[in-house]
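Data first, discussion second: the structure below is written as C-alpha coordinates.
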Amino acid sequence: MILSIVICSYNRASYISDALDSLYNQSAGLQNFEAIIVDNNSTDNTAEVFAQWRAAHPQGSFTYLTETKQGASFARNTGAAAAKGQWLCFMDDDAIANSNYVENIIKHVETKPAVVGFGGRIIPKYIPAEPKWMSYYVSSLVGNFDYAPTACAFENGKYPLESNMIVRKDIYDSIGGFNTALPGVVGSLRIGGEGKELFYKIIALGHTIYYDPAIEVQHVVEVKKLTPEYMYRVASGIGRGEKTRTLSISKAAYIKKIIEYFFKLGAAVILGFKYLLQCKPAKTWPVIQFRIDALKGLLV
(Lines give C-alpha, C1' and ligand atoms only; values in the text may rest on other atoms or scores of the structure.)
Protein backbone atom coordinates (compact mmCIF):
# COMPACT_ATOMS: atom_id res chain seq x y z
CA MET A 1 0.00 0.00 0.00
CA ILE A 2 1.50 3.33 -1.09
CA LEU A 3 -0.82 5.87 0.50
CA SER A 4 -3.11 6.16 3.50
CA ILE A 5 -5.52 9.11 3.42
CA VAL A 6 -6.71 10.11 6.88
CA ILE A 7 -9.90 12.17 7.19
CA CYS A 8 -10.83 13.42 10.65
CA SER A 9 -14.51 14.21 10.97
CA TYR A 10 -16.55 16.20 13.44
CA ASN A 11 -20.22 16.91 12.68
CA ARG A 12 -19.81 17.08 8.90
CA ALA A 13 -22.53 14.66 7.88
CA SER A 14 -23.64 17.12 5.20
CA TYR A 15 -20.28 17.05 3.42
CA ILE A 16 -18.49 13.80 4.23
CA SER A 17 -20.13 11.97 1.32
CA ASP A 18 -18.74 14.48 -1.18
CA ALA A 19 -15.26 14.04 0.27
CA LEU A 20 -15.57 10.26 0.03
CA ASP A 21 -16.97 10.43 -3.50
CA SER A 22 -13.97 12.47 -4.61
CA LEU A 23 -11.65 9.72 -3.35
CA TYR A 24 -13.72 6.85 -4.70
CA ASN A 25 -13.48 8.26 -8.23
CA GLN A 26 -9.73 8.87 -8.34
CA SER A 27 -7.93 8.39 -11.64
CA ALA A 28 -5.20 6.38 -9.90
CA GLY A 29 -7.62 3.63 -8.96
CA LEU A 30 -8.71 2.34 -5.58
CA GLN A 31 -5.84 -0.15 -5.36
CA ASN A 32 -3.28 2.62 -4.78
CA PHE A 33 -4.61 3.98 -1.49
CA GLU A 34 -6.69 3.37 1.58
CA ALA A 35 -8.94 5.91 3.30
CA ILE A 36 -9.32 6.04 7.07
CA ILE A 37 -12.17 8.15 8.46
CA VAL A 38 -11.82 9.03 12.14
CA ASP A 39 -15.01 10.21 13.85
CA ASN A 40 -13.96 12.62 16.58
CA ASN A 41 -17.08 12.59 18.80
CA SER A 42 -19.59 13.69 16.17
CA THR A 43 -23.06 14.34 17.57
CA ASP A 44 -24.79 14.36 14.18
CA ASN A 45 -25.48 11.35 11.95
CA THR A 46 -21.99 11.12 10.46
CA ALA A 47 -21.72 7.41 11.31
CA GLU A 48 -25.04 6.65 9.61
CA VAL A 49 -24.09 8.67 6.53
CA PHE A 50 -20.82 6.77 6.22
CA ALA A 51 -22.54 3.40 6.61
CA GLN A 52 -25.01 4.26 3.85
CA TRP A 53 -22.24 5.59 1.62
CA ARG A 54 -20.10 2.50 2.16
CA ALA A 55 -22.99 0.17 1.34
CA ALA A 56 -23.35 1.94 -1.99
CA HIS A 57 -19.56 2.02 -2.60
CA PRO A 58 -18.25 -1.42 -1.61
CA GLN A 59 -14.92 -1.39 -3.44
CA GLY A 60 -11.59 -0.19 -2.13
CA SER A 61 -10.39 0.19 1.44
CA PHE A 62 -12.46 2.67 3.47
CA THR A 63 -12.22 2.22 7.23
CA TYR A 64 -14.29 4.01 9.88
CA LEU A 65 -12.75 4.56 13.32
CA THR A 66 -13.65 6.63 16.37
CA GLU A 67 -11.50 8.78 18.66
CA THR A 68 -13.12 10.02 21.86
CA LYS A 69 -10.36 12.47 22.85
CA GLN A 70 -11.49 15.74 21.33
CA GLY A 71 -9.21 17.51 18.91
CA ALA A 72 -7.89 16.97 15.40
CA SER A 73 -4.41 16.05 16.61
CA PHE A 74 -5.79 13.12 18.62
CA ALA A 75 -7.92 11.99 15.66
CA ARG A 76 -5.11 12.29 13.12
CA ASN A 77 -2.76 10.31 15.34
CA THR A 78 -5.40 7.59 15.69
CA GLY A 79 -5.81 7.40 11.92
CA ALA A 80 -2.05 7.35 11.39
CA ALA A 81 -1.61 4.52 13.89
CA ALA A 82 -4.04 2.37 11.88
CA ALA A 83 -2.53 3.29 8.51
CA LYS A 84 -0.83 0.66 6.36
CA GLY A 85 0.59 2.99 3.72
CA GLN A 86 4.15 4.20 3.33
CA TRP A 87 2.80 7.73 3.14
CA LEU A 88 0.20 9.56 5.23
CA CYS A 89 -2.08 12.10 3.59
CA PHE A 90 -4.32 14.29 5.74
CA MET A 91 -7.47 15.74 4.20
CA ASP A 92 -10.44 17.54 5.77
CA ASP A 93 -13.95 16.09 5.97
CA ASP A 94 -15.36 19.05 4.00
CA ALA A 95 -12.72 18.91 1.27
CA ILE A 96 -13.15 17.64 -2.27
CA ALA A 97 -10.07 16.13 -3.89
CA ASN A 98 -9.40 16.69 -7.58
CA SER A 99 -9.87 13.57 -9.69
CA ASN A 100 -6.08 13.21 -10.14
CA TYR A 101 -5.25 13.92 -6.49
CA VAL A 102 -3.81 10.50 -5.62
CA GLU A 103 -2.15 10.19 -9.03
CA ASN A 104 -0.29 13.49 -8.50
CA ILE A 105 0.74 12.55 -4.96
CA ILE A 106 2.29 9.33 -6.30
CA LYS A 107 3.99 11.25 -9.13
CA HIS A 108 5.48 13.69 -6.62
CA VAL A 109 6.86 10.83 -4.52
CA GLU A 110 8.32 9.05 -7.54
CA THR A 111 10.01 12.15 -9.00
CA LYS A 112 11.53 13.27 -5.67
CA PRO A 113 12.98 10.16 -4.02
CA ALA A 114 14.45 12.12 -1.12
CA VAL A 115 11.21 13.92 -0.20
CA VAL A 116 9.68 13.17 3.21
CA GLY A 117 6.94 15.80 3.41
CA PHE A 118 4.95 18.02 1.08
CA GLY A 119 1.59 19.69 0.57
CA GLY A 120 -0.65 21.08 -2.11
CA ARG A 121 -3.11 23.76 -3.10
CA ILE A 122 -6.37 24.44 -1.23
CA ILE A 123 -9.07 26.41 -3.01
CA PRO A 124 -12.07 27.67 -1.01
CA LYS A 125 -15.46 26.67 -2.38
CA TYR A 126 -17.66 29.43 -0.99
CA ILE A 127 -21.34 28.62 -0.48
CA PRO A 128 -23.16 30.50 -1.90
CA ALA A 129 -20.41 32.97 -2.95
CA GLU A 130 -17.27 34.67 -1.67
CA PRO A 131 -18.24 37.52 0.71
CA LYS A 132 -17.28 41.02 -0.37
CA TRP A 133 -15.22 41.55 2.79
CA MET A 134 -12.99 38.56 2.09
CA SER A 135 -9.43 39.30 1.00
CA TYR A 136 -6.31 37.29 0.29
CA TYR A 137 -4.92 38.19 3.71
CA VAL A 138 -7.98 36.92 5.57
CA SER A 139 -8.76 33.91 3.38
CA SER A 140 -6.10 31.80 5.08
CA LEU A 141 -8.56 31.61 8.00
CA VAL A 142 -10.94 29.63 5.77
CA GLY A 143 -8.23 27.39 4.37
CA ASN A 144 -7.16 29.24 1.23
CA PHE A 145 -3.63 28.17 0.35
CA ASP A 146 -1.90 28.80 -2.98
CA TYR A 147 1.82 29.09 -2.25
CA ALA A 148 3.26 29.09 -5.77
CA PRO A 149 2.22 28.49 -9.41
CA THR A 150 4.67 25.60 -9.86
CA ALA A 151 6.15 22.85 -7.70
CA CYS A 152 8.92 24.10 -5.44
CA ALA A 153 10.47 23.90 -1.99
CA PHE A 154 8.90 25.89 0.83
CA GLU A 155 11.06 28.79 1.99
CA ASN A 156 11.24 31.25 4.89
CA GLY A 157 9.52 29.02 7.41
CA LYS A 158 6.47 28.31 5.23
CA TYR A 159 4.79 24.93 5.38
CA PRO A 160 1.69 23.02 4.12
CA LEU A 161 -1.70 23.39 5.78
CA GLU A 162 -3.11 20.44 7.71
CA SER A 163 -6.05 19.95 5.33
CA ASN A 164 -3.77 18.97 2.42
CA MET A 165 -0.47 17.62 3.67
CA ILE A 166 1.49 14.45 3.03
CA VAL A 167 4.21 12.95 5.24
CA ARG A 168 6.26 9.78 5.01
CA LYS A 169 4.92 7.51 7.74
CA ASP A 170 8.27 6.50 9.22
CA ILE A 171 9.22 10.17 9.64
CA TYR A 172 5.82 10.95 11.15
CA ASP A 173 6.23 8.12 13.63
CA SER A 174 9.79 9.10 14.51
CA ILE A 175 8.75 12.58 15.66
CA GLY A 176 5.70 11.32 17.54
CA GLY A 177 3.04 12.55 15.13
CA PHE A 178 0.94 15.58 15.97
CA ASN A 179 1.51 17.28 19.31
CA THR A 180 -1.73 16.84 21.29
CA ALA A 181 -0.89 19.97 23.30
CA LEU A 182 -1.96 21.65 20.03
CA PRO A 183 -5.22 19.74 19.56
CA GLY A 184 -7.04 22.05 17.15
CA VAL A 185 -10.70 22.62 18.03
CA VAL A 186 -11.88 21.45 21.46
CA GLY A 187 -15.44 22.61 22.09
CA SER A 188 -15.52 26.38 21.62
CA LEU A 189 -11.76 26.70 22.10
CA ARG A 190 -9.16 26.41 19.38
CA ILE A 191 -5.43 25.84 19.89
CA GLY A 192 -3.95 25.56 16.41
CA GLY A 193 -0.55 25.29 14.81
CA GLU A 194 -0.23 21.51 14.99
CA GLY A 195 0.81 21.22 11.35
CA LYS A 196 3.35 24.00 11.69
CA GLU A 197 5.02 22.32 14.64
CA LEU A 198 5.05 18.94 12.89
CA PHE A 199 6.79 20.33 9.81
CA TYR A 200 9.20 22.43 11.87
CA LYS A 201 10.29 19.21 13.60
CA ILE A 202 10.85 17.58 10.22
CA ILE A 203 12.81 20.60 8.96
CA ALA A 204 14.92 20.51 12.13
CA LEU A 205 16.00 17.00 11.09
CA GLY A 206 17.50 18.51 7.95
CA HIS A 207 14.73 17.73 5.49
CA THR A 208 13.19 20.03 2.87
CA ILE A 209 9.41 20.38 2.61
CA TYR A 210 7.87 20.80 -0.83
CA TYR A 211 4.79 22.33 -2.41
CA ASP A 212 3.01 20.96 -5.47
CA PRO A 213 -0.02 22.92 -6.78
CA ALA A 214 -1.12 19.91 -8.85
CA ILE A 215 -2.09 18.21 -5.58
CA GLU A 216 -5.30 20.16 -5.13
CA VAL A 217 -8.45 20.04 -3.03
CA GLN A 218 -11.43 22.34 -2.79
CA HIS A 219 -12.46 23.31 0.73
CA VAL A 220 -16.14 23.96 1.38
CA VAL A 221 -16.78 27.27 3.16
CA GLU A 222 -20.31 28.04 4.32
CA VAL A 223 -20.40 31.83 4.30
CA LYS A 224 -23.27 31.96 6.83
CA LYS A 225 -20.95 30.41 9.41
CA LEU A 226 -18.27 33.09 9.00
CA THR A 227 -19.55 35.10 11.96
CA PRO A 228 -17.30 37.39 14.02
CA GLU A 229 -17.32 34.72 16.74
CA TYR A 230 -16.15 32.06 14.31
CA MET A 231 -13.42 34.24 12.82
CA TYR A 232 -12.25 35.15 16.33
CA ARG A 233 -12.08 31.48 17.32
CA VAL A 234 -9.91 30.62 14.31
CA ALA A 235 -7.63 33.67 14.49
CA SER A 236 -7.17 33.56 18.25
CA GLY A 237 -6.53 29.82 17.95
CA ILE A 238 -3.51 30.60 15.81
CA GLY A 239 -2.21 32.88 18.54
CA ARG A 240 -2.90 30.32 21.29
CA GLY A 241 -1.06 27.68 19.32
CA GLU A 242 1.94 29.93 18.83
CA LYS A 243 2.01 30.71 22.54
CA THR A 244 2.08 27.00 23.38
CA ARG A 245 4.66 26.23 20.70
CA THR A 246 7.07 29.06 21.45
CA LEU A 247 6.89 28.70 25.24
CA SER A 248 7.86 25.06 24.80
CA ILE A 249 11.05 26.38 23.20
CA SER A 250 11.87 29.28 25.53
CA LYS A 251 10.50 32.47 27.08
CA ALA A 252 12.67 34.42 24.65
CA ALA A 253 11.01 32.69 21.68
CA TYR A 254 7.59 33.67 23.04
CA ILE A 255 8.62 37.32 23.50
CA LYS A 256 10.03 37.34 19.98
CA LYS A 257 6.69 36.05 18.70
CA ILE A 258 4.81 38.82 20.56
CA ILE A 259 7.00 41.43 18.88
CA GLU A 260 6.39 39.77 15.51
CA TYR A 261 2.61 39.84 16.07
CA PHE A 262 2.65 43.54 16.94
CA PHE A 263 4.61 44.16 13.75
CA LYS A 264 2.02 42.19 11.75
CA LEU A 265 -0.78 44.20 13.35
CA GLY A 266 0.92 47.41 12.22
CA ALA A 267 1.26 46.02 8.72
CA ALA A 268 -2.43 45.07 8.76
CA VAL A 269 -3.40 48.65 9.65
CA ILE A 270 -1.38 49.93 6.69
CA LEU A 271 -2.99 47.32 4.45
CA GLY A 272 -6.42 48.37 5.71
CA PHE A 273 -5.77 51.97 4.68
CA LYS A 274 -4.62 50.68 1.31
CA TYR A 275 -7.98 48.98 0.80
CA LEU A 276 -9.71 52.23 1.72
CA LEU A 277 -7.71 54.09 -0.90
CA GLN A 278 -8.66 51.39 -3.41
CA CYS A 279 -12.36 52.00 -2.59
CA LYS A 280 -12.71 48.57 -1.00
CA PRO A 281 -13.90 49.58 2.50
CA ALA A 282 -15.50 46.19 3.23
CA LYS A 283 -12.05 44.58 3.19
CA THR A 284 -10.48 47.11 5.56
CA TRP A 285 -11.52 46.04 9.05
CA PRO A 286 -11.43 42.22 8.65
CA VAL A 287 -7.73 42.24 7.84
CA ILE A 288 -7.04 44.34 10.95
CA GLN A 289 -9.41 42.31 13.13
CA PHE A 290 -7.60 39.13 12.10
CA ARG A 291 -4.35 40.42 13.57
CA ILE A 292 -6.03 41.80 16.71
CA ASP A 293 -7.67 38.43 17.37
CA ALA A 294 -4.47 36.49 16.74
CA LEU A 295 -2.61 38.78 19.14
CA LYS A 296 -5.30 38.28 21.79
CA GLY A 297 -4.84 34.53 21.50
CA LEU A 298 -1.09 34.91 21.83
CA LEU A 299 -1.35 37.05 24.97
CA VAL A 300 -4.11 35.25 26.94
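The values are calculated or read from the model by the stated rules, or taken from the named source; none is laboratory data. The model shown is predicted, which means the values in this text are computed figures rather than measured ones. Neighbour counts run over all protein chains shown; Cβ positions are idealised from the backbone, glycine included.
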message = For the condition outside the structural domain of Lys107 (by TED's automatic domain parsing), surrounded by 18 or more Cβ atoms within 10 Å (Cβ to Cβ) and within 28 Å of Ile166 (Cα to Cα), what is the one hit in Ala235, Ala268?
response = Ala235
message = If the requirement is being part of a loop (DSSP other than H, G, I, E, B) and closer than 28 Å to Ile106 by Cβ, which of these qualifies: Ser27, Ser14?
response = Ser27
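Might you check whether a residue that is of a type in the set (Gly, Ala, Ser) and closer than 30 Å to Gln26 by Cβ occurs anywhere in the stretch 245-266?
No, because not a single residue in the stretch 245-266 is of a type in the set (Gly, Ala, Ser) and closer than 30 Å to Gln26 by Cβ.
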request  = Would you point out which residue out of Ser14, Ser61 is of a type in the set (Ser, Thr, Tyr), assigned by TED's automatic domain parsing to the domain that holds Gly85 and over 19 Å from Lys84 (Cβ atoms)?
outcome  = Ser14
note = Among Ala282, Ala294, the single one that is over 23 Å from the mean Cα position of the chain (by Cα), under 17 Å from Met231 (Cα atoms), in the same structural domain as Ala235 (by TED's automatic domain parsing) and not charged (D, E, K, R) is Ala282
request  = Collect the residues in the stretch 144-156 that are touching a residue at least 12 places away in the same chain (Cβ under 8 Å), of a type outside the set (A, V, I, L, M) and farther than 20 Å from Val220 by Cα, keeping them in residue-number order.
outcome  = Pro149, Thr150, Cys152, Phe154
key: Single condition Lys256 does not satisfy, out of (1) under 28 Å from Asp18 (Cα atoms); (2) surrounded by fewer than 17 Cβ atoms within 10 Å (Cβ to Cβ); (3) not assigned by TED's automatic domain parsing to the domain that holds Tyr159   = (1)
task = Return yes or no: is Ala81 more than 20 Å from Glu194 (Cα to Cα) and either in contact with a Cys (Cβ under 8 Å, 6 or more places away or on another chain) or not basic (Lys, Arg) (or both)?
result = no
query = How about the stretch 175-200: which of its residues are among the acidic types (Asp, Glu) and closer than 21 Å to Tyr230 by Cα?
reply = Glu194
